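Okay, so here's the structure we're looking at.
The values are calculated or read from the model by the stated rules, or taken from the named source; none is laboratory data. Predicted model only: the values in this text are computed from it and were never measured. Cβ coordinates were reconstructed from backbone atoms using ideal geometry, including for glycine residues, and neighbour counts include every protein chain displayed. Just so you know, the surface numbers come from the protein's heavy atoms only, side chains and all, with ligands and any DNA or RNA stripped out. Shrake-Rupley method; radii C 1.70, N 1.55, O 1.52, S 1.80 Å.
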Amino acid sequence: MTLTPVIPGIPALPAQDRPGLSADSEWFRTAVFYEALLRSFADSDGDGTGDLPGLISRLDYLAWLGVDCVWIPPFYPSPMRDGGYDISDYTSIDPRYGTMEDFRELVHQAHQRGIRIVIDLVLNHTSDAHPWFQASRSDPEGPYGDFYVWRDDDSGYPDTRIIFVDSEESNWAYDVERGQFYWHRFFSHQPDLNFDNPAVIEAVHDVIRFWARTGVDGFRLDAIPYLIEAEGTNCENLPGTHAIIAGIRELLDREFPGVITIAEANQWPQEVVEYFGTAQAPECTMCFHFPVMPRIYYALREGSASAIRWVLERTPQIPAHGQWGTFLRNHDELTLEMVTDSEREQMYAWYAPEDRMRANVGIRRRLAPLLDASRAEIELAHTLLMSLPGSPCLYYGDEIGMGENIWLEDRDAVRTPMQWDDSPNMGFSTVVDPGALTVPLIQAPGYAHLTVATEMARPDSMLHFTRRLLHLRRAHPVLGRGRFTLRATSDDAVLAHTRCDDPELPGAEVLLCVANLSTVPRAVTVEVPELAGMPTTDVFGGTAFPRIDEQGRITLTLGARGYYWLAVGPDPQGGPQTEGDASASARISTADGGPDEAPGHDGPQHDERDPRAQDQPAPQEQGAAPGHDAAQGAP
């Protein structure tokens, strides 16, 4: 008799509700996404590699945490020279991770719990081990001969930058078998597909159909700015690329309505916004907002909200069908491509003082070590993530403050196994030989002991804070769907903004979000003229706060790294209504001229010049030095 191995590390939780999926086609606006790196999340069969049954065994944990959608990076067959983003078969599952039956069961079980599934689709390139490339190099005149970009020399597209500057010297690589050069924007073992060939587009459409039929709820489109090449350009964000993305959206809307796409386009906001398309020719449902992420870290060390305001003021409006995606960390390095040269040098000095902490144009570190395990800073960063425009994405392990291993190669520094409990291999796997683990466990002092089990046992832990924050955001959908408006403050250290619902929505509300980026307490006056005379209530604790005065100002005192989310009106005491009074959302809507802007962003329009030509002012006040853990001033 064959015994089914006991899956280790499953958190002890009561049975979670199984509400099924909601019928809300706009679910992505209020969703919290969670990136679960399959090979490092949970191992069900004791071979040292995380797998699909392991992820299924943790769905109750993710439901308990408050996750609405799980994003799974590539799980396809791969030589694993780029963490699975070097795909050798688009329509199979690597046997290390399980079977197609396992995947369908994952989708089914997730949907029962009201959790949606988004998977990675790597459009730009394949592995050089992919049968398409093998056929292309061996039979130039055959059906796959033109599936990749081949040239007789390496002089083409000279204006194109090299992305992986640490490992590649050219975007061309020579293939001995075919006797020609092939084009690659990333590693030389990842040849770019030739999207000028209609057969490639049709093959990609067939891949999308294959996975959409399994019931997945969306695709993250990896590295999409580089699909088309043209001489005399930098080969990024070209019209042909947008036409391909629009074609994918048209396919999904026609054959699989409701399936979303998320653009991974590490570009400036005025370039990324083009990947939403238009109302007439929509492209992506969501786009990651890369430039806002490094400026959260910059602001924490500068002790000023200026860097965050700067990028938000230069973020264009987006079409009504779109939504930004935001994050603090993910499976890649913390990219510094979308900051100025001086900002980049300062970020390296603050956050990556050792060379091994740097990779390409970024920092290969996890959230907690980046912020020196400062609970106050980690909390503040999360409250910003949850309240700024867009739908937030958490990275596995950040909810418990997991550490990193900078001695591992490349991006594996931040891809170590999830730490579930204090059993062998921290509940990730029952494999006897630690050398068989997909990557080694964390050994760093201060981080090796952190597990889901220990954090669940502490009511004041980072895990419980994260859960409360996710459930609080779910209780206030305005944070995902409401208009965003920056508010003037009397102190540059403090960021203030409102999120405002359409007043016609049931339960419409307005939240005033205030964050102190400084290491010292601050008293600040925030200007919200449309809301003069309205009461405010702290949504974290339910405490009544000062009423906004008749000049439309409210004065607050925040602790170091402190934050408030204040619900504005109605009067919790049922106070008298004044003549001409209206709900907070109605007042803002009237002042703005009505709900005619994209959900999730309502900042004024600002300078459209390329931000790369502009620089930040020299810091006036440096924030917390590494290791400083300011007292928490929020309720």
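Being modelled with pLDDT under 95 and crowded, with 16+ Cβ neighbours inside 10 Å is the filter; apply it to segment 142-167 and report the residue that is nearest to CYS235 (Cα to Cα). Across segment 142-167, the extreme among qualifying residues is ILE163. Looking at segment 220-228, is at least one residue at pLDDT 95 or above, more than 24 Å from the chain's Cα centre (by Cα) and farther than 23 Å from SER138 by Cα? Yes, because at least one residue in segment 220-228 is at pLDDT 95 or above, more than 24 Å from the chain's Cα centre (by Cα) and farther than 23 Å from SER138 by Cα. Within segment 89-137, restricting attention to residues that are in contact with a helix residue (DSSP H, G or I) (Cβ under 7 Å, 6 or more places away or on another chain) and hydroxyl-bearing (Ser, Thr, Tyr), the residue that is surrounded by the fewest Cβ atoms within 10 Å (Cβ to Cβ) is THR91.
Selection of first residues in segment 474-500 that are under 20 Å from SER304 (Cα atoms) and of second residues that are open to solvent by 30 Å² or more (accessible area, probe 1.4 Å) and in a loop (DSSP other than H, G, I, E, B), restricted to Cβ pairs under 8 Å at least 6 apart or on distinct chains, gives the following pairs, ordered by first then second residue: LEU486/PRO604; ASP492/GLN620; ALA493/GLU621; ALA496/ALA488.
Remark: pairs (first residue in segment 235-257, closer than 30 Å to ASP159 by Cα and modelled with pLDDT of 95 or more; second residue open to solvent by 30 Å² or more (accessible area, probe 1.4 Å) and of a type in the set (Phe, Trp, Tyr); Cβ separation under 8 Å; 6+ apart in sequence or on different chains) are absent.
Mind checking which residues of segment 418-437 are aliphatic (A, V, I, L, M) and open to solvent by less than 80 Å² (accessible area, probe 1.4 Å)? Matches in segment 418-437: MET418, MET426, VAL431, ALA436, LEU437. Condition first: open to solvent by 70 Å² or more (accessible area, probe 1.4 Å) and charged (D, E, K, R). Now tell me which residues in segment 540-560 satisfy that. Once the filter is applied, which keeps residues that are open to solvent by 70 Å² or more (accessible area, probe 1.4 Å) and charged (D, E, K, R), segment 540-560 yields ARG547, GLU550, ARG553. A single member of ASP17, ASP68, ASP51 is farther than 17 Å from THR430 by Cβ, of a type outside the set (Gly, Ala, Ser) and within 24 Å of the chain's Cα centre (by Cα), and it is ASP68. The set of residues in segment 518-554 that are assigned to a strand (DSSP E or B) and under 33 Å from the mean Cα position of the chain (by Cα) comprises ARG522, ALA523, VAL524, THR525, VAL526, GLU527, THR536, THR537, ASP538, PHE545, ILE554. For segment 398-437, what are the residues that are in a loop (DSSP other than H, G, I, E, B) and over 18 Å from ARG364 (Cα atoms)? Scanning segment 398-437 gives GLN419, TRP420, ASP421, ASP422, SER423, PHE428, SER429, THR430, VAL431, VAL432, ASP433, LEU437. Within segment 449-460, residues that are of a type in the set (Val, Ile, Thr) sit with their Cβ atoms under 8 Å from residues that are open to solvent by less than 80 Å² (accessible area, probe 1.4 Å) and in a helix (DSSP H, G or I), at 6+ positions apart or across chains, in these pairs: THR451/ILE400; THR451/MET426; THR451/GLY427; VAL452/TYR61; VAL452/ILE400; VAL452/GLY427; VAL452/LEU463. Here GLY54, GLY50 are screened, and the one residue that is crowded, with 19+ Cβ neighbours inside 10 Å and touching a Leu at 6+ places or on another chain (Cβ under 6 Å) is GLY50.
Within segment 259-297, the only residue that satisfies the criterion of being among the hydroxyl-bearing types (Ser, Thr, Tyr) and open to solvent by 10 Å² or more (accessible area, probe 1.4 Å) is THR278.
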